[in-house]
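To start, the structure under review is shown below, and the notes come after it.
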Amino acid sequence: MVSSMHNSNQSNDETSNMKNKDSSSITNFWTPLFRKIQHWSGIAFSVFTSMHVATTVSAALSPQTYDQVLESTRAWYRPSKTVEGLVVMSPLIVHLLANSYFFYLNYFPPKSLMKNVETQELEKRNIQRNSNMETLVVKKPSISIWKRLHQYSGYILSVLIPGHIYGVRFANSYQQEFAALRHFLEKGVGHFIGMSYFGILMTTGVYHMLFGLNTALGYKVKRPFLLGGIVAMLAAAYFGLLGIGGYLYPVDAMREKFHKFD
């Protein structure tokens with residue numbers, strides 16, 4: 001009887017181990033694939049993002065310059081709805097799906113994956129001796145603050161970007177010229193809320209784009225130079241936002257075009 005129960009328990013353990021191995025194998029297969037998808041879709045979408053940032057920077061010069069740069073860049077990513085869908089929407093959707101996969105693994109990991117992580121941590125344990133007693137210290141892998149900022153900026157953008165696209169392409173399908181931005185600030189959400197929104201969108205977008213590009217390309221740029229590039233690009237973008245906000249030159253003439261957006 002005891003032997004029978006022992007065999008039954010052993011059989012259950014073996015079945016459980018087989019399920020965990022199968023689940024772990026599936027995770028091990030999909031994770032590298034989704035990582036590549038995440039990297040390449042991010043690289044593709046960064047082409048559009050860089051054009052958007054360049055357009056914002058041009059607003060530091062004049063409304064006319066902004067409209068000219070906007071029209072020039074649109075010739076590349078919006079000659080038609082089909083092209084816009086391929087070069088803008090497709091990489092974005094694929095990138096969001098890949099990010100959702102890793103978000104799920106980070107916050108809702110499968111039991112088999114948790115067991116594998118625990119086993120690996122125990123194998124890498126550091127045993128310290130103190131007062132002839134053995135203390136087990138498990139060193140967990142640490143994530144740098146810069147990588148966490150990249151992760152959290154991605155979470156913010158996953159909310160802001162779909163909302164931004166809905167606002168400029170569906171809710172208000174007019175041409176997003178400089179006057180439309182002024183209308184948004186003065187007649188829409190208000191100057192403070194609008195400028196705060198632009199600032200958050202630009203900050204998270206530039207940081208996530210440049211840090212993500214460096215990661216996808218295998219950390220080709222050393223961190224001090226990378227952070228310096230991020231600061232420089234943000235400084236230029238903020239200067240452009242000052243132009244949009246009306247702090248660099250008069251923008252009252254833009255009100256004559258507000259009737260197009262009412």
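Candidates are the residues of region 140-166 that are of a type in the set (A, V, I, L, M) and in a helix (DSSP H, G or I); the one that is nearest to the chain's Cα centre (by Cα) is Leu157. Filtering region 204-220 down to residues that are part of a helix (DSSP H, G or I) and of a type in the set (Ser, Thr, Tyr), which residue is farthest from the chain's Cα centre (by Cα)? Only one residue fits best here, namely Thr215. In the condition set (1) in a helix (DSSP H, G or I); (2) over 18 Å from the mean Cα position of the chain (by Cα); (3) at pLDDT 90 or above; (4) surrounded by 12 or more Cβ atoms within 10 Å (Cβ to Cβ), Gln64 is compliant with all but (4). Of all residue pairs spaced 6 or more apart or on separate chains, those with beta-carbon atoms under 9 Å, a first member in region 159-175 that is farther than 17 Å from Lys260 by Cβ and a second member that is at pLDDT 85 or above and among the hydroxyl-bearing types (Ser, Thr, Tyr) are Leu160/Tyr197; Leu160/Thr204; His164/Tyr197.
When Leu234, Leu181 are checked against the criterion of being touching a Ser or Thr at 6+ places or on another chain (Cβ under 8 Å) and in a helix (DSSP H, G or I), Leu234 stands alone in meeting it.
In region 103-111 there is no residue that is among the polar types (S, T, N, Q), on the phi < 0 side of the Ramachandran plot and at pLDDT below 80.
Is it the case that some residue within region 237-255 is among the charged types (D, E, K, R) and either over 24 Å from Met51 (Cα atoms) or crowded, with 18+ Cβ neighbours inside 10 Å (or both)? Checked against the condition, which is being among the charged types (D, E, K, R) and either over 24 Å from Met51 (Cα atoms) or crowded, with 18+ Cβ neighbours inside 10 Å (or both), region 237-255 yields at least one hit. In region 174-227, the qualifying residues are those that are exposed (fewer than 14 other Cβ atoms within 10 Å of the Cβ), closer than 25 Å to Ile244 by Cβ and among the small types (Gly, Ala, Ser), and the one that is modelled with the highest pLDDT is Ser196. Going by the structure shown, is Leu181 under 21 Å from Tyr155 (Cα atoms), assigned by TED's automatic domain parsing to the domain that holds Met89 and among the aliphatic types (A, V, I, L, M)? So Leu181 does not fit the description; no. Here is a check on your reading of the model: is Ser46 within 27 Å of Gly154 (Cα to Cα), among the small types (Gly, Ala, Ser) and surrounded by 20 or more Cβ atoms within 10 Å (Cβ to Cβ)? It is true that Ser46 is within 27 Å of Gly154 (Cα to Cα), among the small types (Gly, Ala, Ser) and surrounded by 20 or more Cβ atoms within 10 Å (Cβ to Cβ).
The values are calculated or read from the model by the stated rules, or taken from the named source; none is laboratory data. Treat the numbers as computed from the prediction; the structure is a model and nothing was measured. Because the Cβ atoms are built from the backbone with ideal geometry, glycine has one as well, and the counts that use them run over all protein chains shown.
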